[in-house]
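Have a look at the structure below before the remarks.
The values are calculated or read from the model by the stated rules, or taken from the named source; none is laboratory data. Just so we're clear, the structure is a prediction, and the values are computed from it rather than from any experiment. Cβ sites come from the backbone with ideal geometry, for glycine too, and all protein chains shown count toward neighbours. Quick note on the areas: whole protein, heavy atoms, side chains included, nothing else; ligands and nucleic acids left out. Shrake-Rupley method; radii C 1.70, N 1.55, O 1.52, S 1.80 Å.
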Amino acid sequence: MFKCIKLSILVLLFTAVVFFGHSFILDWAGKLIYKKDDLKPADAIVVLSGEENERVEYAVYLFREDWAKKDRLIMSGGPLVWRHSWASLMKEHAEYLGIPGKNILLEDKSRTTEENARYTKEILRKNDYKSLILVTSPYHSRRAAIIFQKVLGKEIKVLSAPVEDSWFKFSDWWKRRRDRAAVFSEYSKFIWFWIFGAQ
């Protein structure tokens, strides 16, 4: 009888934790994939392809605020359709926003985050850049920063600067379909990364 009462109490406590604490747990789980460093001037700003306009727009904002010491934006994104790459479209967008084309370098071969880092490394080495500000979406920021630092090594400093005014919000992310999809996709890619290495 006493064991049944104890078991019932434990079940009730577990149920209460799950019911009342699930939002705390989910909020914590969402923020695990987020990484934002203290912003410092770097040699270049690297923008990863994806999403609609927000990554390019935030990178342009940082560029105008003089965070790129060597006045360079690097657009990183590979083949898209026909002769167009993500990088070329991102460059057009930045130019439309007022950034001169001479200040924009293109990495237009990558298809994954690991390739973003690998092909960007070639540009960084060629130009003797030793630091970068990495712009991507909030939900992609931790994995991207980990992969870039792993590929670039200690010789190049990576500062993660996820888009500040993103469509993606960590607050109650599990209540919105698009946000849920982003988080679940990112966790699946993290699992792949832990098992097989970068992608």
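Miscellaneous remarks
- Verdict on LEU80 being free of Cβ contacts under 8 Å to residues at least 24 places away in the same chain and either more than 21 Å from ASP43 (Cα to Cα) or touching a Leu at 6+ places or on another chain (Cβ under 8 Å) (or both): yes
- Among the numbered conditions (1) farther than 19 Å from TRP28 by Cβ; (2) touching a helix residue (DSSP H, G or I) at 6+ places or on another chain (Cβ under 6 Å); (3) open to solvent by 10 Å² or more (accessible area, probe 1.4 Å), the only one that LYS157 does not meet is (2).
- Residue count for region 23-57, restricted to those that are open to solvent by less than 40 Å² (accessible area, probe 1.4 Å) and either in a helix (DSSP H, G or I) or under 29 Å from GLY98 (Cα atoms) (or both): 15
- One residue from LEU62, LEU124, LEU134 being under 24 Å from ALA182 (Cα atoms), surrounded by 18 or more Cβ atoms within 10 Å (Cβ to Cβ), touching a residue at least 60 places away in the same chain (Cβ under 8 Å) and of a type in the set (A, V, I, L, M): LEU134
- Residues within region 77-113 that are part of a helix (DSSP H, G or I) and open to solvent by 60 Å² or more (accessible area, probe 1.4 Å), tallied: 6
- Filtered residues of region 177-199 (kept if touching a Lys or Arg at 6+ places or on another chain (Cβ under 8 Å) and open to solvent by 30 Å² or more (accessible area, probe 1.4 Å)): LYS189, GLN199
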